[in-house]
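Encoded as structure tokens, the structure appears first; notes follow it.
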Amino acid sequence: MPIERAHNLPAPRDRLIGRAREIEAVRELLLGGTHRLVTLTGMGGAGKTRLALEVVWTLRERFPGGVWLVELAGVADDASLPETVASALGLLQVPDSSPTEALIAFLRTRSPLLVLDNCEHLIAAVANLAEQLLDRCPGLRMLTTSREPLQIAGERQLRVGPLALPGAERFASVEEVAHAPAVELFVARARDVAPGFALSPENAPVVAAICIRVDGVPLALELAAARVRVLTVEQILARLDDSMRLLTGGSRSGLTRQQTLKATLDWSYDLLGEPERAGLRRLSVFARGGGLDAAEAVCGGGEIAPEDLLEVLTRLVDKSLLVVDGTGVAARYRLLEPVRQYAAQQLDEAGERARVKSAHARFYHALATRAALFLHGPDQIAWLDQLEAEHDNLRAALQWSLAEGDPVLGLHLAVALSPFWEARGRLSEGRRWLEALLAAPDAEGLPAELRTRALLAVGRLAQWLADPDAAAPLEAALALARQRGDQAVVVEALAYLGAVRRHAGAQEDSARLLEESLTLARAAGDEAGIALALLTFGVTMRFQGNYAPSVPLLVEGLERFQ
């Protein structure tokens, strides 16, 4: 019987230039028997991610346990790391199991390759998780990309440096210049925007000088090559020179590769019109990109008229500063991580961060609120998938609410997301956000209805984890709901309290609570409440051994859910 292989890798969209030696080195390490963890290190823009994807794509048939890519650039906090990795592998959290334990249970009997991309901002958490997985999953191999190594036992570091440069000889032939990988990349990207571009005896020395000037950094080369459509190579070289002199105070001997990349980004940013500059820096608040509607809501205003936003995005794409993913129903726009970090600095310098982050949080609050209306109906899968695609942005909005002292917006968002966390098995994460927002210093004056629903959401998530502590928030929510006369919350809180009592072995107490929940729901004509109470009551009856009475409860519950 053939071994079933799986992967979640994107297919390469273009040929990787100038990395044959590195590809072979990484392949040998991953397929060898000495090192089970390989880390690709290097500066931003060096091409670590692209190299990693090229290697693992060629190896996808060599790992019977699958090859799994986890992109970490959009993960804002250490605590979300295990859940993000588990989600990328399609794992759901189960009661009495942490995301890390779920990962170990899945990986320890397989021989997979796990790729963690952009680890630098979570370096300690990634190192800790890698140690646990490698120690307990003997067939696992890992490939990570980071600006610094994990520095754990058994790690093999490979530095991804700039592409090889042409010689500095003034009278080098076109063939000699063209042979250098840096020049090859520049020419390939120039032809993407100007198909007629070609090296000639006249422009080859200038192209060689551009490659040397940006020190062979792939991102810098691509940004420079994108200008061939509107500038001559002589103009490109002149602008690069001016930017670098400014950066280093006129000294040509003090250039570093990081300064070179920043100089290229400075230069590219300076060439933008003001609407494009504003759009670029405002796009930096998105975690792993966003759709057109999100960009319109967050990036519009001031220098960008609403009707001009699409044109601004188009110009940024043309200039290789913005990546378009058109594989889904709607296009998404994403800044490469080095560009996003640079744009975020520009956002700070422009004094726009507070306003733009607030607009970002409000947009994703509105999205989650709208989605919540459909998460219990026939369109729930489509809405769950949309929230999944925006999960990093939703996390960023929650983090902003905590950091900026706006627990009301944050809790509205978290309550709306609680069915998503429940359906997709992110129980611990959802509970953590809700509890943090409820405990925030500015949460004392929360509206009673919001506090009630937030406590109910905490209790719901906790009871799915079979946590006996789930009773406390559910009891608090029940008391507040009774005071306010909110029968829908009373019905739901009683149902979930019944489930908690059942988990604790108090079957008679569970049945009493669920009978009350069902009676109140029928009296109020609460269809959702009736279905929930029937389901939960039927399960409790089954646990009591009352099989015959449980059947009509479960059958009616099924019919109502359908």
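The values are calculated or read from the model by the stated rules, or taken from the named source; none is laboratory data. Please read all numbers here as calculations on a predicted model, not as lab measurements. Cβ placement follows ideal geometry from the backbone for every residue including glycine, while neighbour counts extend to all protein chains displayed. Keep in mind that these areas ignore ligands, DNA and RNA; they rest on the heavy atoms of the full protein, side chains included. Shrake-Rupley method; radii C 1.70, N 1.55, O 1.52, S 1.80 Å.
Hey, any idea what % of the chain's accessible area is carbon plus sulfur with a 1.4 Å probe? Ligands and nucleic acids excluded, carbon and sulfur reach 53 percent.
Let me have the 222 nm mean residue ellipticity of the chain computed from DSSP H runs of 4+ only, each contributing -39500 (n - 2.57), with the sum over all residues rounded to the nearest 500.
On the way: 26 runs with 332 residues, N = 562.
Only helices count here, giving -18500 deg cm²/dmol.
Work out how much length Val94 to Asp509 would gain on full extension: take 0.36 nm times their residue separation and subtract the Cα-Cα distance, in nm to one decimal.
Working: separation 415, 0.36 × 415 = 149.40 nm, distance 2.49 nm.
Fully extending the segment from Val94 to Asp509 adds 146.9 nm.
All Cα-Cα distances of the stretch 307-453, cut into 5 Å bins from zero to the largest, leave 2, 9, 15, 18, 19, 15, 11, 7, 3, 0, 0 percent in each bin in turn. Looking at the stretch 36-165, the DSSP beta bridges with both ends there are about 0 percent antiparallel.
So which GluC sites (Glu not before Pro) in the stretch 338-446 pass both tests, a DSSP loop state and at most 11 other Cβ atoms within 10 Å of the Cβ? Answer in residue order: Glu444. Mind checking which of Val415, Ala448, His376 is farthest towards the positive end of the stretch 367-467's charge dipole, using Cβ charges of +1 (Lys, Arg) and -1 (Asp, Glu) about the Cα centre? After comparing all options, I get His376. Simple spin-label estimate for Ala403 and Ala330 gives 2.5 nm between the two label positions (7 Å along the Cα-to-Cβ direction from each Cα).
Test of understanding: what is the full-extension gain from Arg147 to Arg15, defined as 0.36 nm times their sequence separation minus their Cα-Cα distance?
Between Arg147 and Arg15, full extension yields an extra 45.1 nm.
Across the stretch 127-185, Cα-Cα distances exceeding 13 Å account for 71% of all pairs. Taken about its Cα centre, the stretch 405-562 carries a charge dipole of about 260 debye when Lys and Arg each add +1 at the Cβ and Asp and Glu each add -1 at the Cβ. The slack in the chain from Arg60 to Ala472, taken as 0.36 nm per residue of separation less the alpha-carbon distance, amounts to 143.5 nm. Both numbers refer to the Cα atoms of the stretch 78-216; Rg and Dmax are 22.5, 71 Å. Along the positive direction of the dipole of the chain (beta-carbon charges: Lys, Arg +1; Asp, Glu -1; about the Cα centre), which of His35, Pro10, Pro552 reaches farthest? So the residue furthest toward the plus end is His35. Simple spin-label estimate for Glu24 and Gln157 gives 2.5 nm between the two label positions (7 Å along the Cα-to-Cβ direction from each Cα). The alpha carbons of the stretch 1-58 give a radius of gyration and a Dmax of 13.0, 45 Å, in that order. For His7, the residues whose amide H sits under 5 Å from its own are Val67, ignoring neighbours fewer than 5 places away on the same chain, with H placed 1.01 Å from N. Label sites at His35 and Ala548, each approximated as a point 7 angstrom past Cα along Cα to Cβ, lie 7.0 nm apart. On a per residue basis, the chain carries 44 Å² of accessible surface, using protein heavy atoms and a 1.4 Å probe.
For the stretch 37-120, the Cα gyration tensor yields ellipsoid semi-axes of 23, 18, 9 Å (square root of five times each eigenvalue, largest first, whole Å). Using the Cβ-Cβ distance between Ala488 and Arg110 with R0 = 41 Å, the FRET efficiency computed as 1/(1 + (r/R0)^6) comes to roughly 0.40.
In a simple Cβ point-charge model (Lys, Arg +1; Asp, Glu -1; nothing else charged), the chain has a dipole of about 1040 debye relative to its Cα centre. Net charge of the neighbourhood of Pro82, taken over other residues with C-beta under 10 Å away and scored Lys/Arg +1, Asp/Glu -1, is -4. For the stretch 466-527, the Cα-based Rg and Dmax, in that order, read 11.2, 31 Å.
Using all pairs of distinct alpha-carbon atoms, the Kirkwood hydrodynamic radius of the stretch 375-500 works out to 14.7 angstrom. Count Lys and Arg as plus one, Asp and Glu as minus one, and take only other residues whose Cβ is under 15 Å from that of Ala479; the net charge is then -1. Its residue count N fixes a reference of 2.2 N^0.38 Å for the chain, and the Cα radius of gyration divided by that reference is 1.13.
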